[in-house]
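Below is one structure; the comments refer to it alone.
The values are calculated or read from the model by the stated rules, or taken from the named source; none is laboratory data. Just so it is clear, the model here is predicted, and its values are computed rather than measured. Backbone-built Cβ (ideal geometry, glycine too); neighbour counts: all protein chains shown.
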Amino acid sequence: MKAISEVYDVCVVGGGFAGFGAALKSAKLGMETLLVEMCSTWGGVSYSSIHQYICGLYPYSEKYPEKTLNDGISRELEEGMKRRGCAQIQKVGNVYVLGFEPEALQSYFKEQVQFQKNLKVVFNAKVVKIHSRNQVIEELSIDHLQNIHTIKCHTVIDASGKGEVLSLSGASYDVAPDTKRQLAAYAIKIKGVQKTLRLNQLKVFYYLAKAVKSGVLDNHLRFGSWISSNKSDEGVLRISVIPSDTKYCLEEIQSQAQLIHSLLEKKIEEFKNSEIVCFAPSVSEREGIRMIGLYVLSEEDVLSARKFDDGVVKGAWPIEFWHQNQGPRYRYLPRGQYYEIPMRCLVSKDFSNLFSAGRCISVSSRALASTRVTGTCLALGEASAKIAFYYLNR
Ligand SMILES: Cc1cc2nc3c(=O)[nH]c(=O)nc-3n(C[C@H](O)[C@H](O)[C@H](O)COP(=O)(O)OP(=O)(O)OC[C@H]3O[C@@H](n4cnc5c(N)ncnc54)[C@H](O)[C@@H]3O)c2cc1C
């Protein structure tokens, strides 16, 4: 690989939904853009947690959605995925989502970035240090395959999900205490599951609750979820993990997942003879560091469908809070309405050239339970690139 040594207009940290949206828009606006991703693939949490649905893409309505809530890259993604024939608008509970095949998403992301001449994407590259002066970020040190490169950039977009640039730079951020943060999760893919009308999320939920009651499983494990694939005999089982500052022991969590699978195999007819075909590479956090920007979006802003003069992204996903003792709790906006996320939620209050996108924007812990879904993160990424553009051309 060519050395990462040039000067960039924009450095996007993270290649999840937010980072993809940010880097693509930034390159399309003609800015010299570098995207660094510490893993070897696109998708971030959506990849590591084996997602099947893009949430937050559509309005909250009774009616089948005619178009996406946000335009731009959100609409292009929907079209691109539909063109591949493996994406379908589905109603799940009260909301519409875009069901998709993970491989198709990877290929869509690759296709979109490959002809962007202003964009350089580097995988297996982790931002490890931020150099700043007078409240301006000037350089980033990147560990790429154990070589440290220091690059200069005019603006930085933190799309790392966990707010890596915020914490490395000393920018202000908020994080809920361990006991108040939303449950994290670990996913496994299971194959050979019989598809019957009786097998649904509730059946798995019910069985896990029973196993907890009889003392076979720890309390938090009752909040697992099962999502069947539309096409095959596969599905994804997610088990809950209590968030903690100490490092997760992945092996322990994997053996809990195996235990739960073996219990389901014994007790639920449809799981008989099924097998685990894939373990997620890591535990996925729903909540982490959130930037303190020029405005902090609140739960009330979300639920009252508040609009702002500097609104840049629309959101309509309910507040889906994964409570440690009560499991998922939903609070919906009035039907047919949406809230706006103001530009100020993406702008650091400390560094003039630092913006955030996706999961680590400036919102309260409760508001995050709505803004964190992938459809909204994608639109936030796109908006952050526009902000960087205004900043550089002001
Ligand atoms: C268990 C679970 C289930 C969920 N289910 C759904 C669902 O079904 N549908 C939905 O729409 N949403 C779902 N969500 C929410 C959604 O997946 C995430 O909130 C969203 O993907 C966040 O996107 P992001 O781009 O902000 O961050 P991420 O997806 O976290 O991406 C950040 C990227 O930055 C990289 N990175 C981090 N630090 C560095 C660094 N120092 N240097 C370089 N790269 C770095 C990471 O490797 C990662 O790839 C779920 C979340 C969880 C935890």
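Take G16 and tell me if it is away from the ligand (no atom under 15 Å from the Cβ) and buried (at least 18 other Cβ atoms within 10 Å of the Cβ).
Details: away from the ligand (no atom under 15 Å from the Cβ): no; buried (at least 18 other Cβ atoms within 10 Å of the Cβ): yes.
No: the conditions fail for G16.
Looking only at the range 70-99, which residues are part of a strand (DSSP E or B) and either outside the structural domain of K110 (by TED's automatic domain parsing) or among the hydrophobic types (A, V, I, L, M, F, W, C) (or both)? If you could, list the steps in order and put the result at the bottom.
The first filter runs over the range 70-99 and keeps only residues part of a strand (DSSP E or B), leaving 87-92, 95-99.
Result: A87, I89, V92, V95, V97, L98.
Return a yes/no flag: does the range 35-49 have any residue that is over 16 Å from the mean Cα position of the chain (by Cα), closer than 25 Å to I157 by Cα and buried (at least 21 other Cβ atoms within 10 Å of the Cβ).
For the range 35-49, residues over 16 Å from the mean Cα position of the chain (by Cα), closer than 25 Å to I157 by Cα and buried (at least 21 other Cβ atoms within 10 Å of the Cβ): present.
For G336, work out the one condition from (1) over 20 Å from A22 (Cβ atoms); (2) part of a loop (DSSP other than H, G, I, E, B); (3) within 11 Å of the ligand (Cβ to nearest atom) it doesn't fulfil.
Unmet for G336, out of (1) over 20 Å from A22 (Cβ atoms); (2) part of a loop (DSSP other than H, G, I, E, B); (3) within 11 Å of the ligand (Cβ to nearest atom): (3).
Test of understanding: among T179, T196, which residue is polar (S, T, N, Q) and touching an Asp or Glu at 6+ places or on another chain (Cβ under 8 Å)? Steps first, answer last, please.
On the way: T179 fails: touching an Asp or Glu at 6+ places or on another chain (Cβ under 8 Å).
Only one candidate qualifies: T196.
Report yes if E138 is of a type in the set (D, E), over 20 Å from A23 (Cβ atoms), modelled with pLDDT of 95 or more and touching a strand residue (DSSP E or B) at 6+ places or on another chain (Cβ under 9 Å), otherwise no. First the steps, then the outcome.
Details: of a type in the set (D, E): yes; over 20 Å from A23 (Cβ atoms): yes; modelled with pLDDT of 95 or more: yes; touching a strand residue (DSSP E or B) at 6+ places or on another chain (Cβ under 9 Å): yes.
Judged against the criteria, E138 is a match.
For the range 271-323, which fully contained strands (runs of 3 or more DSSP E) count at least 2 residues that are surrounded by 15 or more Cβ atoms within 10 Å (Cβ to Cβ) and more than 16 Å from the ligand (Cβ to nearest atom)?
Values: elements: 275-279, 311-315, 319-323.
Those strands (runs of 3 or more DSSP E) do not exist here; none qualify.
So that you can scan it fast, the table gives a plain yes or no per residue for (1) charged (D, E, K, R); (2) over 16 Å from A187 (Cβ atoms); (3) away from the ligand (no atom under 16 Å from the Cβ):
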residue: S244; (1), (2), (3): no, yes, no
residue: C249; (1), (2), (3): no, yes, yes
residue: H261; (1), (2), (3): no, no, yes
residue: L264; (1), (2), (3): no, no, yes
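Does at least one position in the range 95-106 carry a residue that is closer than 18 Å to E32 by Cα, surrounded by 15 or more Cβ atoms within 10 Å (Cβ to Cβ) and more than 11 Å from the ligand (Cβ to nearest atom)? Spell out how you get there, then give the answer.
In the first step, residues of the range 95-106 are kept if they are closer than 18 Å to E32 by Cα; the result is none.
No, that holds for no residue.
Going through the range 132-149 one residue at a time, which ones are within 15 Å of the ligand (Cβ to nearest atom), free of Cβ contacts under 8 Å to residues at least 24 places away in the same chain and surrounded by 14 or more Cβ atoms within 10 Å (Cβ to Cβ)?
Once the filter is applied, which keeps residues that are within 15 Å of the ligand (Cβ to nearest atom), free of Cβ contacts under 8 Å to residues at least 24 places away in the same chain and surrounded by 14 or more Cβ atoms within 10 Å (Cβ to Cβ), the range 132-149 yields E139, S141, D143.
Looking at I142, I130, I148, can you tell me which residue is part of a strand (DSSP E or B) and in contact with a His (Cβ under 9 Å, 6 or more places away or on another chain)? Give the steps one after another, and end with the answer.
Details: I130 fails: in contact with a His (Cβ under 9 Å, 6 or more places away or on another chain); I148 fails: in contact with a His (Cβ under 9 Å, 6 or more places away or on another chain).
Exactly one of I142, I130, I148 is part of a strand (DSSP E or B) and in contact with a His (Cβ under 9 Å, 6 or more places away or on another chain), namely I142.
Residue by residue, here is whether (1) free of Cβ contacts under 8 Å to residues at least 12 places away in the same chain; (2) buried (at least 16 other Cβ atoms within 10 Å of the Cβ); (3) assigned to a helix (DSSP H, G or I) holds:
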site	(1), (2), (3)
H154	no, yes, no
I190	no, yes, no
K195	no, no, no
K210	yes, no, yes
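Restricting the search to the range 50-71, which residues are of a type in the set (V, I, T) and either under 13 Å from the mean Cα position of the chain (by Cα) or surrounded by fewer than 22 Cβ atoms within 10 Å (Cβ to Cβ) (or both)?
Kept after step one, since they are of a type in the set (V, I, T), are these residues of the range 50-71: 50, 54, 68.
I50, I54, listed by residue number.
Give the residue that is surrounded by the most Cβ atoms within 10 Å (Cβ to Cβ), with candidates limited to residues of the range 1-13 that are at pLDDT 95 or above and out of contact with any helix residue (DSSP H, G or I) (no Cβ under 8 Å at 6 or more places or on another chain).
The initial filter retains those residues of the range 1-13 that are at pLDDT 95 or above, namely 8-13.
So of that shortlist, the ones also out of contact with any helix residue (DSSP H, G or I) (no Cβ under 8 Å at 6 or more places or on another chain) come out as 8, 11.
Details: Y8: 23, C11: 29.
Per the stated criteria, the residue is C11.
Do you know which of the residues in the range 363-394 that are assigned to a helix (DSSP H, G or I) and among the polar types (S, T, N, Q) is nearest to G99 (Cα to Cα)?
Start the filter on the range 363-394 by keeping residues that are assigned to a helix (DSSP H, G or I), which leaves 365-371, 374-392.
Now restrict to residues that are among the polar types (S, T, N, Q): 365, 370-371, 374, 376, 384.
Numbers: S365: 27, S370: 19, T371: 19, T374: 12, T376: 16, S384: 26 Å.
My answer is T374.
Quick one: would you say R329 is within 14 Å of the ligand (Cβ to nearest atom) and either charged (D, E, K, R) or outside the structural domain of G44 (by TED's automatic domain parsing) (or both)?
Values: within 14 Å of the ligand (Cβ to nearest atom): no; either charged (D, E, K, R) or outside the structural domain of G44 (by TED's automatic domain parsing) (or both): yes.
Taking the combined requirement at face value, the residue does not satisfy it.
I'd like the residue in the range 26-69 that is among the polar types (S, T, N, Q) and in a loop (DSSP other than H, G, I, E, B) and, out of all such residues, is nearest to the ligand (Cβ to nearest atom).
From the range 26-69, those among the polar types (S, T, N, Q) are 26, 33, 40-41, 46, 48-49, 52, 61, 68; that's our starting set.
Now narrow it down to the ones that are in a loop (DSSP other than H, G, I, E, B): 40-41, 49, 52, 61, 68.
Details: S40: 10, T41: 8, S49: 5, Q52: 7, S61: 18, T68: 13 Å.
In this case the residue turns out to be S49.
Just to check your reading of the model, which residue among S240, S160 is touching a residue at least 24 places away in the same chain (Cβ under 8 Å), of a type in the set (S, T, N, Q), surrounded by 17 or more Cβ atoms within 10 Å (Cβ to Cβ) and not assigned by TED's automatic domain parsing to the domain that holds V12?
Just one listed residue meets the conditions, S240.
Taking the condition away from the ligand (no atom under 13 Å from the Cβ) and either out of contact with any strand residue (DSSP E or B) (no Cβ under 6 Å at 6 or more places or on another chain) or not in a loop (DSSP other than H, G, I, E, B) (or both), does A23 pass? Steps first, please.
Working: away from the ligand (no atom under 13 Å from the Cβ): no; either out of contact with any strand residue (DSSP E or B) (no Cβ under 6 Å at 6 or more places or on another chain) or not in a loop (DSSP other than H, G, I, E, B) (or both): yes.
Considered against the rule, which asks whether it is away from the ligand (no atom under 13 Å from the Cβ) and either out of contact with any strand residue (DSSP E or B) (no Cβ under 6 Å at 6 or more places or on another chain) or not in a loop (DSSP other than H, G, I, E, B) (or both), A23 comes out as no.
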